[in-house]
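What follows is a set of notes on a single structure, which appears directly below.
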Amino acid sequence: DQQVKQNSPSLSVQEGRISILNCDYTNSMFDYFLWYKKYPAEGPTFLISISSIKDKNEDGRFTVFLNKSAKHLSLHIVPSQPGDSAVYFCAASGNAGNMLTFGGGTRLMVKP
Amino acid sequence: DVKVTQSSRYLVKRTGEKVFLECVQDMDHENMFWYRQDPGLGLRLIYFSYDVKMKEKGDIPEGYSVSREKKERFSLILESASTNQTSMYLCASRYPPGTGTMAGYTFGSGTRLTVV
């Protein structure tokens, strides 16, 4: 049973528009959430994170929103750029940073 | 800057062969991990190691073993490769939780293994 789910396997967005990637989790013990970005033939790289004591964290064009009651988080990319085209993984951990549990990933395609 | 290096980018092996995937990190991280990535399944944990000579099974350890004789090196071993082990293999490392660092991992570039 997947504890972290990304229900959209792919997303296509026009350059300059907003990209919204969604992630749901089931384990209420998760208290730290991260997004990783992965290009083909490369390892995932850390993008942005959020602690459960916050509901929003912003870093440049990237913002992560956390809705604890709904056990849902989302990554917003504004404005989207062709270089953002990659697979995005949502990850979660509990108990002060133990093992990361990853979602299935969403492939984002940003069209010029 | 932490670097995690996986020795091979692409490997093609025959069914039944014993396969070694090597991973080296240069930041003195205690924790190291092996994942496999498959479409739609995300990253699944195979094995991890808290420290030298210590290992723990992850979610999908069947058909795999690991070795951690030195702190910087964590090897994944496919005892008898099978076609269902064709996948992208990713190694990662990090400091232990509670050391003041974030929970995130640093990943290597991955090894694309094809078993024929």
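Points worth noting:
- Checking the Cα-Cα distances for B:Lys3/B:Lys53; A:Lys56/B:Lys57; B:Lys18/B:Lys55 against a 30 Å cut-off, the pairs over it are A:Lys56/B:Lys57.
- Gyration tensor verdict on the protein assembly as shown (Cα atoms; rounded if a/c is under 1.5, prolate if a/b is larger than b/c, oblate otherwise): prolate
- Aspartates and glutamates whose Cα lies under 14 Å from that of B:Lys13, excluding same-chain neighbours fewer than 8 positions away: B:Glu79
- Long-range amide H partners of A:Arg17 with built H, under 5 Å: A:Ser80
- With a Förster radius of 35 Å applied to the C-beta separation of A:Gln14 and B:Glu22, the computed FRET efficiency comes to 0.25.
- In segment A:31-70 the Cα-Cα distances spread across 10 Å bins starting at 0 as 27, 47, 22, 4 percent of all pairs.
- Long-range amide H partners of A:Met109 with built H, under 5 Å: A:Leu11, A:Ser12, A:Val13
- Relative contact order (percent, whole number), chain A, Cα cutoff 8 Å, 6+ residue spacing: 37 percent
- Annotation: the residues B:Thr86, B:Thr114, sorted from fewest to most other C-beta atoms within 10 Å of their own C-beta, follow the order B:Thr114, B:Thr86.
- Sorted ascending by nearby beta carbons within 10 Å, beginning with the fewest, A:Leu108, B:Leu43, A:Leu47 become A:Leu47, A:Leu108, B:Leu43.
- Scalar couplings 3J(HN,Hα) for segment B:30-39, obtained by applying the Karplus form with A = 6.51, B = -1.76, C = 1.60 to θ = phi - 60°, are 6, 8, 9, 9, 10, 10, 10, 10, 10, x Hz; x denotes Gly and Pro.
- Based on Cα atoms of chain A, Rg over Rh with Rh as the Kirkwood radius reads 0.95.
- Selected from A:Phe89, A:Asn67, A:Tyr36, residue furthest toward positive end of dipole (segment A:35-112; charges at beta carbon): A:Asn67
- At 1.002 mPa s and 20 °C, Stokes diffusion of chain B via Kirkwood alpha-carbon radius, µm² per second: 151 µm²/s
- Charge tally in the Cβ shell below 13 Å around A:Arg61, where Lys, Arg are +1 and Asp, Glu are -1, A:Arg61 excluded: -2
No lab work stands behind these numbers, since they all come straight from the coordinates. Since we're looking at a predicted model, the values are computed, not measured. Positions of Cβ are generated from backbone atoms using ideal geometry, with glycine treated the same way; all protein chains shown enter the neighbour counts.
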